[in-house]
Amino acid sequence: MMQTASFYQPPLAAKQTSSLMGDSTRASVNHLLAGAYSTPCSTAAHAFVQIVPPLSRFQLALDVLMPMLDASVELTQRILVSYILYSLYAPHPISLNPFKSVLYATFVRERDAAVQVASAGGVSENEQLVWVLWKILKGDGSDIGPFSPNTLARSPLPPKLRAANLNLEDETVVRHPTESTARDGAKDAAGSLERDEETEKYSRAATLLLAARERVLSLSEQRVVLSMMSRLTSPPLITSVDLPSILATNPALGHPLVAALLCSANDTGPEPFLDVIKRLPPILPSFDLIGRLLRDSTGVADVTTGGRTTIADLVRTEVLGWFVHECVAWLDRAEQDEREGNISDDRFAKGVQNLCRFYNSLIKLGIVDPASDADSAEMAHFTLRNSRFEEANALYRVLAMGKF
């Protein structure tokens, strides 16, 4: 069984502690699987994710669950394991599930075996497993959740749902019995190994990207995510709801993640992600992200014309004005809170300084025109109101000189 690469080698005591925790988790999972056949599949899957820490789920699924798909295991166990492997990535399309290939291979193998039994006039005991796998691979795995493995294993299937009648739209199984079968098999095995390695790498990166919503990733973990960024965002693994927490917790991922999301082809388009960066708070990571995006010449779809534009132009036209407006509104609220004694830190003063420095850099880069009221009227009023700060006073003079 292939092992996940380790990016950090802990001391011996830590390794022993980790090993003990891993053994305890595996024992808990085995206990769960042994007694969950009469409970709904969704309940068992929920219990599994409660038992196993997020960063251990993929490896444990590889080591413990996948071997249980083998024909030597009881039917109820195989049905439950199939559902759990599906449910681990249920929020996303089945095409993104890293276990899709093994579920598909099991489906084809078991269906062919059931068809052979049927052609001899019998009924295979694995007909229900074939139907469960078919539902999962069709994208209807959620229909399985309310039923227990026992119910699914014992429920008779109507003739139209027997294995011989179950096919998948993207199924292309072509058999050519030739003298090169062995050589082709070796090639297939090598290709399968490469796909498994790529799948494991993707799953590791996907797990880390989701974890980035809640904790700071190490440098090595960030490199794993960055190496798979194009796959993680096409289609997007995360939604616009996830983006603010990732940007706040891991600002180093900000520019490559947002740029990739803006470039990705998806049903919602870039608007939900643009709305997020419009409303970022006036802190240094936000200014750094917007500044990088305003200099990014990568081509993207133009949300206005339907043609092509660049990330820089898209952010300039769709985000920058809103972002500056939201920063001003945020700082006005912070000033009010400061006056009322609700806050005692220097967030307002720091925010004014950082916003003025950011806007001054936009002028120097020619991104905004100080002589244009459309570009600078709001900032002119803001800097005049806050001219007691050196940065605001200096920016106001630049804006005033640009207008006269």
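With respect to the conditions (1) open to solvent by less than 30 Å² (accessible area, probe 1.4 Å); (2) assigned to a helix (DSSP H, G or I), THR151 falls short on a single one, namely (1). Of all residues in the range 207-242, which are acidic (Asp, Glu) and assigned to a loop (DSSP other than H, G, I, E, B)? Correct list: GLU214, ASP242. In the range 293-307, the qualifying residues are those that are more than 23 Å from LEU280 (Cα to Cα) and assigned to a loop (DSSP other than H, G, I, E, B), and the one that is farthest from the chain's Cα centre (by Cα) is THR305. Residues in the range 104-153 that are among the hydroxyl-bearing types (Ser, Thr, Tyr) and closer than 20 Å to ALA36 by Cα: SER142, SER148, THR151. Listed by first and then second residue, the pairs linking a residue in the range 119-140 that is modelled with pLDDT of 80 or more and open to solvent by less than 20 Å² (accessible area, probe 1.4 Å) to a residue that is part of a helix (DSSP H, G or I) and polar (S, T, N, Q), with Cβ atoms under 7 Å apart and 6 or more places separating them unless they lie on different chains, are VAL132/SER82; LEU133/SER82; LEU133/THR106; ILE136/SER82.
Scanning the range 46-57 turns up one or more residues that are of a type in the set (S, T, N, Q) and at pLDDT 75 or above. Among the conditions (1) under 16 Å from VAL315 (Cα atoms); (2) surrounded by fewer than 18 Cβ atoms within 10 Å (Cβ to Cβ), PHE287 misses just one, which is (2).
The values are calculated or read from the model by the stated rules, or taken from the named source; none is laboratory data. Fair warning: this is a prediction, and the values are worked out from it, not measured in the lab. Cβ coordinates were reconstructed from backbone atoms using ideal geometry, including for glycine residues, and neighbour counts include every protein chain displayed. To get the accessible areas, we keep the full protein, side chains included, count just its heavy atoms, and leave off ligands, DNA and RNA. Shrake-Rupley method; radii C 1.70, N 1.55, O 1.52, S 1.80 Å.
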